[in-house]
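**Q** The structure's right below; bear with me while I get my questions together.
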Amino acid sequence: MPRLRNLAAFSVATAAAWVFVPATAVKAQDAFNPYAEVEKAKVPKLKASPPAANGDQPFLAPADGVSKKPVQAPANTGSPTAPSNDTVMRQANPPPVQRDELAPVMASDGSGLPFELWRGLTVESVEKLMSELELPPRSLALHNLWKRLLISDVTPPAGETTNVKFAALRLEAMYLSGLSKEASDELKKQPTTTDAVMATLAARVELANDHAHQACELARQAATIKGEIPKRLKSLAIMMSGYCAGLAKDAASAGLAAELAREEGVETSPSLEALDAISVAAKPKIAAAKRVTLIDYRLLQLAGSQDPAASWIDKAEPALLAALANDAGSEPALKLAAAEAAARINAIAPEALAQTYRAQAATESADALLAGGPETGPARRAALFKAAETEKTPMKKTRLIRAFIDDAKRAGLAMHAMQMIESATAGLNPQPEIGWFAETAAEIGLASGKTGLTRRWVALVSGPDKTTGSGLDHWLALADIAEPGPENKDQYLKDVETLALRGRFTPDALHRLATVLDALNYVVPIPLWEAASRTPQPTTGHLPATGVLSELQDASKNKEFGHTVLLAMKTLGPNGAEGANIIALGDSMRPLKRAGLEVEARRLGLEALLVAWPRTQAN
């Protein structure tokens with residue numbers, strides 16, 4: 001998936017009639033760093049000031065809160081309230097206040113994050129950390145936190161006074177995460193920029209939102225801004241100029257853009273072939289491409305490509321998948337396939353996928369769907385979802401919900417499907433006639449963060465059968481793990497212990513369970529430890545590079561919230577909590593909890609355990 005350092009951003013340095021004329025050569029795969037080459041001017045070193053002459057005093061008192069002047073005790077007048085010399089010295093030397101003793105000042109934007117979110121980081125260090133992440137995050141819990149970080153209205157990192165660099169970095173991160181609509185909303189809050197790179201990124205955001213004319217207007221506006229544009233941005237800028245030329249029916253300028261791109265070292269790509277086709281009014285012949293970007297697709301669309309766009313879905317970058325899923329003009333089948341592909345990598349939210357499902361035309365009745373009708377793939381899932389939402393009969397509704405979740409699990413959309421169907425499940429009244437559905441409802445409640453729904457349906461079923469172990473109280477133990485509450489809520493761990501001793505957990509699931517409980521400060525039952533210790537500790541899953549874990553611990557202890565989140569994402573790796581090594585899992589949850597992000601730490605624990613949690617045969 002895309003890395004921040006591997007994708008370029010648009011350039012805005014244009015010349016005559018749509019064509020951007022680059023000043024220097026560029027390679028298409030240069031790492032992204034918009035300002036690295038613009039700001040190479042040497043800063044003269046400042047000479048140290050000579051020491052102050054005798055008698056000179058500094059303008060400000062020492063910052064440690066302790067006066068260097070001797071403290072004189074007031075004369076003892078016989079009053080019983082006269083302080084002693086010890087009291088005076090204690091007042092003059094107060095104990096230092098520890099940073100982690102103070103509650104952080106929270107931002108007023110509703111994000112629930114501290115105002116000094118990026119404390120301890122510079123723009124350069126934020127960019128370096130982001131460049132090492134797989135975007136978007138594959139964990140829904142981390143993705144929601146990541147989104148809050150990007151759109152929060154807080155102070156920029158240290159050393160950033162104008163906020164332009166950091167705003168550009170945020171726009172790039174939003175684009176790579178499929179958050180183009182959020183990026184457009186952020187741009188509306190920004191004043192008119194006088195920075196060429198910022199204007200360029202704004203143009204790309206508008207192109208991602210299918211606002212072609214606004215994108216070209218921003219590109220023209222950026223071309224008038226004085227200042228050098230880094231060479232690594234110019235190759236994509238040429239493609240943008242060709243797109244704008246094609247939009248204006250200027251075939252000659254489109255052809256010139258293609259030639260300039262080749263001179264700049266741009267390799268054969270769908271964009272180049274589309275520009276060639278536009279310049280001669282022909283249909284493009286698309287060569288095999290390993291990756292299809294947003295500008296590739298927009299140029300092919302403009303050139304009238306006859307290749308089926310659905311064939312590009314598995315090669316599309318997240319920003320393109322999100323654009324196709326959100327584009328009202330996309331054909332229904334393409335929009336549906338793109339929406340599911342985007343949801344799998346969290347480029348769109350579950351609710352966006354639900355809206356796409358609802359927009360699909362009904363093809364089969366509920367009875368036909370339950371009987372296994374001809375619809376398959378995305379179309380079947382969309383039909384099952386719509387039918388489950390609209391069905392009134394409880395018995396049939398529960399069967400539709402179960403069929404939808406089963407199909408979604410096979411398609412890699414389990415967590416998304418359960419969050420999407422939660423509102424339909426919440427409308428059901430737990431009754432003995434549909435008691436078989438209790439475990440499914442419990443799972444839906446956990447996945448959607450509605451543990452009250454889980455508890456309500458588990459209460460419908462009698463307590464656990466200690467002989468057969470067929471009860472559902474072990475789901476309440478998972479509900480306690482998923483939500484903050486009293487420390488060491490372990491009243492249902494006995495039920496989990498019983499299942500573990502009966503071999504209902506795989507060795508990997510047992511180790512993950514012990515890791516999650518330990519990270520959340522539970523007193524792990526000895527039988528669980530012993531059951532896990534009888535099998536080798538799993539060595540599979542992602543582990544970060546040496547030094548990352550210690551850096552993560554230090555960041556959390558110093559209450560460096562943004563730093564902690566970025567390092568936790570790096571620690572868990574590309575597949576989230578479920579695909580992380582148990583060491584990485586535990587060492588990500590503890591710092592998040594310590595930094596005040598306990599809700600997110602518990603959601604990570606839930607994600608790590610839910611897939612392998614023991615289920616009954618009826619479910």
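The values are calculated or read from the model by the stated rules, or taken from the named source; none is laboratory data. On a predicted model such as this, the values are computed, not experimentally measured, just so you know. With ideal geometry, Cβ positions are generated from the backbone for all residues, glycine too; neighbour counts draw on all protein chains shown. Areas reflect the complete protein model, heavy atoms only, side chains present, ligands, DNA and RNA absent. Shrake-Rupley method; radii C 1.70, N 1.55, O 1.52, S 1.80 Å.
**Q** For Ala316, what residues show an amide H to amide H distance below 5 Å, using hydrogens built from the backbone and excluding near sequence neighbours?
**A** Val292
**Q** Tell me whether the stretch 484-560 comes out rounded, prolate or oblate; compute the Cα gyration tensor, take square roots of the eigenvalues as a ≥ b ≥ c, and use a/c under 1.5 as the rounded threshold.
**A** oblate
**Q** Short version: ³J(HN,Hα) in whole Hz for each residue of the stretch 326-331, in order, from phi by Karplus 6.51 cos²θ - 1.76 cosθ + 1.60 (θ = phi - 60°), x for Gly and Pro, what are they?
**A** Calculated HN-Hα couplings, in order: 8, 7, 5, x, 5, 5 Hz.
**Q** Using +1 on the beta carbon of Lys and Arg, -1 on that of Asp and Glu, and nothing else charged, what's the dipole of the stretch 195-310 about the Cα centre, debye to 20?
**A** Around 120 debye, computed over the stretch 195-310.
**Q** While we're here: Give me the distance between the Cα centres of the stretch 241-309 and the stretch 136-188, rounded to whole Å.
**A** The distance from the Cα centre of the stretch 241-309 to that of the stretch 136-188 comes to 30 Å.
**Q** Let me ask something additional. I want the local charge near Leu400. Using Cβ-Cβ distances under 14 Å, sum +1 for each Lys or Arg and -1 for each Asp or Glu among the other residues.
**A** After counting each charged neighbour, the total is +1.
**Q** Something else about it: What FRET efficiency would be calculated for the residue pair Ala359, Asn575, taking the C-beta separation as r and a Förster radius of 30 Å, to the nearest 0.05?
**A** For R0 = 30 Å, the calculated efficiency reads 0.50.
**Q** Under unit Cβ charges (Lys, Arg +1; Asp, Glu -1), what dipole magnitude, rounded to 20 debye, does the stretch 271-393 have relative to its Cα centre?
**A** The calculated dipole for the stretch 271-393 is roughly 160 debye.
**Q** Using modelled backbone amide H atoms (1.01 Å from N, in-plane), which distant-in-sequence or interchain residues come within less than 5 Å of His542's amide H?
**A** Amide H to amide H, under 5 Å and 5 or more residues apart or across chains, His542 pairs with Ala580, Asn581.
**Q** Roughly what percent of Cα-Cα pairs across the stretch 223-362 reach past 23 Å?
**A** Counting every Cα pair in the stretch 223-362, those more than 23 Å apart make up 41 percent.
**Q** At Thr393 and Trp436, where each label point lies 7 Å from the Cα along Cα→Cβ, what is the point-to-point distance in nanometres?
**A** For the pair Thr393/Trp436, the computed spacing is 1.4 nm.
**Q** Quickly rank 356-364, 322-330 as a protection proxy: mean count of other C-beta atoms within 10 Å, highest first.
**A** Highest mean packing first, the order is 322-330, 356-364.
**Q** Ignoring ligands, DNA and RNA, please state the percent of accessible area on the stretch 535-596 from carbon and sulfur, probe 1.4 Å.
**A** Ligands and nucleic acids excluded, carbon and sulfur reach 51 percent.
**Q** Using the structure shown, list the pairs from Lys147/Lys593; Lys181/Lys593; Lys165/Lys188 with a Cα-Cα distance above 21 Å, or answer none.
**A** Violating the 21 Å Cα-Cα cut-off are Lys181/Lys593.
**Q** Could you give the alpha-carbon Rg of the stretch 106-208 over 2.2 N^0.38 Å, rounded to two decimals?
**A** 1.02
**Q** Now for a different question. Scaled to the compact-protein estimate 2.2 N^0.38 Å, what is the alpha-carbon radius of gyration of the stretch 212-276, rounded to two decimal places?
**A** Dividing the Cα radius of gyration by 2.2 N^0.38 Å gives 1.09.
**Q** Figure the gain on full extension for Ala371 and Glu259 (residue separation times 0.36 nm, minus the Cα-Cα span) and round it to one decimal in nm.
**A** Stretched fully, the Ala371-Glu259 segment lengthens by 34.6 nm.
**Q** Something else about it: When all protein chains stay in place, what accessible area (Å², nearest 10, 1.4 Å probe) is found for Thr376?
**A** We get 100 Å² for Thr376.
**Q** Still on this structure, please answer the following. Could you estimate the translational diffusion coefficient of the stretch 523-619 from the Stokes-Einstein equation, with Rh from the Kirkwood formula over C-alpha pairs, at 25 °C and 0.890 mPa s, in whole µm²/s?
**A** 170
**Q** Something else: For Asp307 and Gln190 in the same chain, what is the full-extension length gain: residue separation times 0.36 nm, less their Cα-Cα distance, in nm?
**A** 38.2 nm
**Q** List, in order, the whole-Hz ³J(HN,Hα) value for each residue of the stretch 444-454 obtained from phi through the Karplus relation with A = 6.51, B = -1.76, C = 1.60 and θ = phi - 60°; use x for Gly and Pro.
**A** Karplus-based 3J(HN,Hα) across the stretch 444-454 equals 4, x, 5, 5, 8, x, 10, 5, x, 5, 4 Hz.
**Q** Would you please put 575-587, 207-219 in order of how densely packed they are, using the mean number of other Cβ atoms within 10 angstrom per residue and starting with the highest?
**A** Per-residue mean Cβ counts within 10 Å order the peptides as 575-587, 207-219.
**Q** Beta carbons within 10 angstrom, averaged per residue: use that to sort the peptides 300-307, 391-398, highest first.
**A** 300-307, 391-398
**Q** Something else about it: For the stretch 524-594, what is the accessible area per residue in Å², given a 1.4 Å probe and the full set of protein chains?
**A** Here the residues of the stretch 524-594 average 41 Å² of exposed surface.
**Q** Each residue of the stretch 214-223 in order: what ³J(HN,Hα) in whole Hz does its phi give by Karplus 6.51 cos²θ - 1.76 cosθ + 1.60, θ = phi - 60°, with x for Gly and Pro?
**A** 5, 4, 5, 5, 5, 5, 5, 5, 5, 5
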